[in-house]
Structure formats: C-alpha cells, structure tokens
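Structure first, commentary second.
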Amino acid sequence: EDKVVQSPLSLVVHEGDTVTLNCSYEVTNFRSLLWYKQEKKAPTFLFMLTSSGIEKKSGRLSSILDKKELFSILNITATQTGDSAIYLCAVVSAGNMLTFGGGTRLMVKP
Amino acid sequence: EPEVTQTPSHQVTQMGQEVILRCVPISNHLYFYWYRQILGQKVEFLVSFYNNEISEKSEIFDDQFSVERPDGSNFTLKIRSTKLEDSAMYFCASSSDRITYEQYFGPGTRLTVT
C-alpha cells in the first residue's frame, strides 16, 4: 500500500523564523511529488518535483526531492502570519492518482 | 487566472438519497479527478477520468459512485444512495495534457448526510 508520511504534525513559530517541513514516501510507480497549501478549503498548488536534487523556488518557499532516500522537504524562510496553513505533500502514481500525507499544520505567531 | 469551480458549496441530504456534485474544470484541461476529505482525515483519491473514461479508481469508489462528463465543460460525481459515512468534503481537480501531474483543486463541496 502506498504511504506518505509528513512531519512534524504541527509547528508553532514566530514571524521571521525559518521552517522545514518533511515528507517521506513509499510508493510504487512513483511519478512525481507535489506540495500544496491548504488554508480554509481547497489545496493550493505550490510545487511539483520530479527530479532528484533540483531545488524549486518561489519567493520565500523552496523545495527539493531526494528519490534515493524517498523524501522531500519544504522550506519557508522569513515566515509571515499569512503562511499559517496546513501544508500537504502528495505523491503521484499510476493513473495520476495522488496519495496524500496527513499534513503539517503550521502556525506563525506575530 | 483560470480556476476549478464546484457547486454547490454545501449540500445536505438524507441517507439513501442520490446526490450529484458538479465541477467545472479549467477549460483546456483534459484530466479530471475527484477526491474526498472526511473531517480531520487525509485527502483521499476517488477516481481519475480521461478521454471519457475512468483511468483509475480507489477502493472507496464502489458501485454507489459514478462520474460523468455530460457536456464539454462539466464533470459530475454521483452518489446513488448516500450513507452517513459519505459525509465529507469532496474536491474536484483537473490537470492539463502538457503537465498531467500538476493537479489544480476546486474549493470543494461539503456533503452532509443526515
């Protein structure tokens, strides 16, 4: 059975801190790994990672994939209160099926 | 920016009733998906749909569920006879044929079965 595990489950930081969120996976027919941000309802797409060792960057967010060790990290630098959300990791397998992790709940305090 | 839309935002139904959840995927996307999230639990895959047929479905997607693309814009999920455990947020997603893995989600329909 495909499995995606995220850690930590939750995190409380102060504005300006840097955070690292972890995602490990055991998936047959791995195609790609996606990161999403979920605030109130719909997961909002952040990154798609397919190749090992290539960092994807968008503003203060960045992510990298290690296909040998089967994990990915999402970094957020200089956190802001607007970064408070649940961050979801999902792995794409056959049929473009996404298997989601349980998420990391990030709270950024002013 | 193009987005996936879903209607209704909230649906309340009685056990045993049929419900149809509606989605309008991003207009040039060709791959469509349904996921659900029971309150406090993970987002779970239900079904993927391409070229007017189901590509992949999970164990959750049993005979009570069906999907349809009735016209060029809508994508629907039907639950024939709802059960209490079908209460969840249902998300529709779509992806293009160029970057098929990058799935964009709609705002969801909260289904409450009483």
Inset, instruction - Rounded to whole Hz and in sequence order, give me ³J(HN,Hα) for segment A:30-39 from the Karplus expression 6.51 cos²θ - 1.76 cosθ + 1.60, θ = phi - 60°, writing x for Gly and Pro. - result: 4, 10, 6, 10, 10, 10, 10, 10, 10, 9
Legend entry - Difference of contour (0.36 nm per residue) and Cα-Cα distance, A:Ile54 to A:Asp2: 16.3 nm
Inset, instruction - Could you state the accessible area per residue of the protein assembly as shown in Å², with a 1.4 Å probe and every protein chain left in place? - result: 50
Legend entry - segment B:55-108 - convex hull of the alpha-carbon atoms, volume per residue in Å³: 110
Inset, instruction - Let me know the Rg and Dmax you get for segment B:5-113 when you use only its Cα atoms, in Å. - result: 13.0, 41
Legend entry - ³J(HN,Hα) computed for each position of segment B:52-69 - Karplus, 6.51 cos²θ - 1.76 cosθ + 1.60, integer Hz, glycine/proline x: 6, 8, 6, 8, 8, 9, 8, 5, 5, 7, 8, 5, 6, 9, 8, 10, 7, 10
Inset, instruction - Determine the percent antiparallel among the DSSP beta bridges restricted to segment A:3-109, to the nearest 5. - result: 90
Legend entry - Relative contact order (%) - criterion: Cα under 8 Å, at least six apart; region: chain A: 37
Legend entry - the protein assembly as shown: Cα Rg divided by the 2.2 N^0.38 Å rule of thumb: 1.02
Legend entry - Summed buried accessible surface, chains A and B, 1.4 Å probe, nearest 100 Å²: 1800
Inset, instruction - Return the average number of partner chain Cβ atoms within 10 angstrom of each residue Cβ along peptide A:89-101. - result: 6
Legend entry - Whole-percent pair-distance distribution, where bins are 10 Å wide, for the alpha carbons of segment A:3-109: 16, 51, 28, 5, 0
Inset, instruction - Using a 1.4 angstrom probe on heavy atoms only, work out the carbon and sulfur share of the accessible area of chain B in %. - result: 44
Inset, instruction - Evaluate the relative contact order of chain B (contact order divided by residue number), counting alpha-carbon pairs under 8 angstrom at least 6 apart; express in whole percent. - result: 38
Inset, instruction - Take peptide A:73-81, look around each residue's Cβ out to 10 angstrom, count Cβ atoms belonging to other protein chains, and average those counts. - result: 0
Inset, instruction - Within a 10 angstrom radius of each residue's Cβ in A:38-46, how many Cβ atoms of other chains show up on average? Whole number is fine. - result: 5
Inset, instruction - Above 14 angstrom, tally the Cα pairs of segment A:3-50 and express them as a % of all pairs, no decimals. - result: 66
Inset, instruction - Could you check how much of the accessible area of segment A:3-109 is carbon and sulfur, as a whole percent, using a 1.4 Å probe? - result: 52
Inset, instruction - Calculate one ³J(HN,Hα) per residue across segment A:81-91 by plugging θ = phi - 60° into the Karplus curve 6.51 cos²θ - 1.76 cosθ + 1.60, and present them in order as whole Hz with x for glycine and proline. - result: 4, x, 7, 4, 4, 9, 9, 10, 10, 9, 10
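The values are calculated or read from the model by the stated rules, or taken from the named source; none is laboratory data. Please read all numbers here as calculations on a predicted model, not as lab measurements. Note that we place each Cβ from the backbone using ideal geometry, even for glycine, and neighbour counts take in every protein chain shown. All accessible areas refer to the heavy atoms of the entire protein, side chains included, with ligands and DNA or RNA removed. Shrake-Rupley method; radii C 1.70, N 1.55, O 1.52, S 1.80 Å.
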